[in-house]
Amino acid sequence: MKILYIDTAIVGHHEKYLRQLLGSKNEPVVVLPTKLEGLQCKQYVYKNQEGRKRRISVYLKWIQEIKKIIKKEEPDIVHFLTGDYFNRYFGIGLKGICNTKILMTYHWIKKGWLQTLALRAVSHYADAIVVHSEYLKDEVLQKRISNVAYINYPMLEKVYKGYKESKEYWGFELDIPVIACIGNTRYDKGLDICLEALKGVRAGYQLLIAGKPDAFDEDYVREKTKHFSNRIVLRMKYLNDEELGHAFSCSDIIVLPYRNIFNGASGPLCEGAYLKKCIIGSDYGNLGDTIKRNHLGYVFDSENAQSLAEVLETALTKKFEVDKKYMEYRKSIQPNAFSCKYDDLYQNI
C-alpha cells in the first residue's frame, strides 16, 4: 500500500516515531514542515509554513496544500501523525479528502465538552483513530466514538549504555540510587512538584534533571534545590542520543510528576519500562492507569508534593521487583510490536 504520512513537527519524539513507521513494507510518502535527512522515500515540505498556526485562514491554505499532494500521489491511506492538531478547527477542511482512507493518531485526549465535540467532529472524517493506551481507548469509547484502536506507545531510543558506565558519565556514586526527571520542563510535567517533594525525603538519593528548559529554567531549579545541591546533576539542554541514553541507563527511579492537564502518552515512561526501572507517577488519568495496570512502580496523589515525598521514601527504602505484568508491558512496547500493529491496522482499514 502507498501510505502518505503527514506531521506538523519533527522535533523530539516526532522524528523517531515517524522513522519507526517507515520501516514497514508499505510504500511511504511523507509531508513535513522541513526536510528530514536520511529518509529513503519521497518527501514533500510544506510551502505554507504558516498553516500550522492558529489562524483559520492560514490553516485552510495548509489544508488545501495537503489536498493537492493527496490528489497527486493517490495514496491508499493518509496517516495524520498528530490528529490532536485538528481538534482546534473541528476537522474543518477534511471533508474534501476523498477516495482514500484516513487514519489519525492522537497522543492526547483532552477533557471538557468542547474537546469532546471537536474529537467527535474529527472522528467523523477518519476511518480509524489510534491512541496509545487502553485507558485512552476507553475514554474515547465513552465519548460515543467507536472507530478507535490502541497501540502502545513504543520504546524509540536505542542508544542505551551500561548502568555503571552511565553513573560514571554523570559523576554519580555507584551505590546511591539515582532519581531522574528526564525531558523538557513544561509546566504540565510538574518538575516544581518533584523539587518540592524532595525537600521531605530523608533516604539517600542522587538527582538527575536532564532536558530542555521550558517553564522552569536552570536558575529556578538551582534556587529550589540549594539546600541539597551536592546531590544534583543538571543538564538543562536538548539532549542528544548519547546523553539521553546515559540519562535513562544511570537511573534507578524515573519520576513523572505530571499535572492533571496532562493526559497523553509518556515517552520517559516507555524508556524507563524498557530498561526495567521503577516508575513513579501521578495517579491521574492515563499515566496513573498505565503504571497501576502494568505494575510499573508507584503512584502518588496527583499534584500533591507531600504524597510524592512519601512514595519516593518508599521507593528508596524498599527494593522494587519487576514481575510478569511488568514484563508483558515491556514486550508490548518493543518497536517491532508497534510497527506490526500499525501494519495490521492499515490492512484492516
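Observations
- Among the residues of region 95-106, some residue qualifies, meaning at least one is closer than 18 Å to I145 by Cα and β-branched (V, I, T).
- Residues in region 167-176 that are in contact with a strand residue (DSSP E or B) (Cβ under 9 Å, 6 or more places away or on another chain) and buried (at least 17 other Cβ atoms within 10 Å of the Cβ) were compared, and the one that is nearest to A203 (Cα to Cα) is F172.
- Checklist (1) in a loop (DSSP other than H, G, I, E, B); (2) free of Cβ contacts under 8 Å to residues at least 40 places away in the same chain; (3) open to solvent by 40 Å² or more (accessible area, probe 1.4 Å) applied to K110, failing item: (2)
- Some residue of region 193-216 being assigned to a loop (DSSP other than H, G, I, E, B), without any contact (Cβ under 8 Å) to a residue 12 or more places away in the chain and either more than 21 Å from S251 (Cα to Cα) or touching a strand residue (DSSP E or B) at 6+ places or on another chain (Cβ under 9 Å) (or both): no
- All conditions but one from (1) at negative phi; (2) touching a helix residue (DSSP H, G or I) at 6+ places or on another chain (Cβ under 8 Å) apply to D323; the one that does not is (2).
Residue-wise test of (1) in contact with a Pro (Cβ under 7 Å, 6 or more places away or on another chain); (2) hydrophobic (A, V, I, L, M, F, W, C).
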| site | (1), (2) |
| --- | --- |
| I102 | no, yes |
| W108 | no, yes |
| A121 | no, yes |
| I129 | no, yes |
| H132 | no, no |
| E139 | no, no |
| A149 | no, yes |
| P154 | yes, no |
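- Any hit, region 138-145, residues being part of a helix (DSSP H, G or I) and crowded, with 19+ Cβ neighbours inside 10 Å: yes
- When residues of region 134-153 are limited to those that are in contact with a Lys or Arg (Cβ under 8 Å, 6 or more places away or on another chain) and of a type in the set (D, E, K, R), the one farthest from A265 (Cα to Cα): R144
The values are calculated or read from the model by the stated rules, or taken from the named source; none is laboratory data. The model shown is predicted, which means the values in this text are computed figures rather than measured ones. Please note: Cβ atoms are built from the backbone with ideal geometry, for glycine as well, and neighbour counts cover all protein chains shown. For the accessible areas, the whole protein counts, side chains as well, though only heavy atoms, and no ligand, DNA or RNA atoms are used. Shrake-Rupley method; radii C 1.70, N 1.55, O 1.52, S 1.80 Å.
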